[in-house]
1. Looking only at helices (runs of 4 or more DSSP H) that fall completely inside segment 42-96, which ones have 2 or more residues that are small (Gly, Ala, Ser)?
2. So in segment 15-51, with the set limited to residues that are basic (Lys, Arg) and at pLDDT 90 or above, which one is surrounded by the fewest Cβ atoms within 10 Å (Cβ to Cβ)?
3. Please determine, by comparing only the residues of segment 52-73 that are charged (D, E, K, R) and either within 18 Å of Phe38 (Cβ to Cβ) or under 16 Å from the mean Cα position of the chain (by Cα) (or both), which one is surrounded by the most Cβ atoms within 10 Å (Cβ to Cβ).
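The values are calculated or read from the model by the stated rules, or taken from the named source; none is laboratory data. Since the structure is predicted, the reported quantities are computational estimates derived from the model, not experimental observations. Heads up, the Cβs are rebuilt from the backbone with ideal geometry, glycines too, and the neighbour counts pull from every protein chain shown.
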Amino acid sequence: MARIAGVNIPTNKRVIIALQYIHGIGPKKASEIVEKLFALLDSRERLLLSLLHLEGRSTKEVEQITGWNGIMIRVRAFRARKKLRTHLQKLMKEGE
């Protein structure tokens, strides 16, 4: 569980939902923050998280699109989400 600005964020919650409903940030500002965070990822990480979370594709579908195996997809997605959480924590800390 990530802790952002003194609030626990369950790891299974989407960042944009956490920003809107836990931190009370409006949808437009939350979207801007997520765009900034995505810009910090490399192209493979952006592709992977976009396919999995924005388009809602399954791991099997991502396998077919990228040619990566399921384990690689899960590991890369885990690392990319962890990187996003770290950057979000820094961003939220700067905003306090």
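1. Numbers: elements: 43-49, 59-66, 70-95.
The qualifying helices (runs of 4 or more DSSP H) are 70-95.
2. If we filter segment 15-51 for residues that are basic (Lys, Arg), which is where we start, we get 28-29, 36, 44, 46.
Narrowing the set further to residues that are at pLDDT 90 or above leaves 44, 46.
Values: Arg44: 12, Arg46: 15.
Looking at the filtered set, the residue picked out is Arg44.
3. To start, the set of residues in segment 52-73 that are charged (D, E, K, R) comprises 55, 57, 60-61, 63.
Filter once more, so that each one left must be either within 18 Å of Phe38 (Cβ to Cβ) or under 16 Å from the mean Cα position of the chain (by Cα) (or both): 55, 57.
Working: Glu55: 11, Arg57: 16.
Among those residues, the one meeting the criterion is Arg57.
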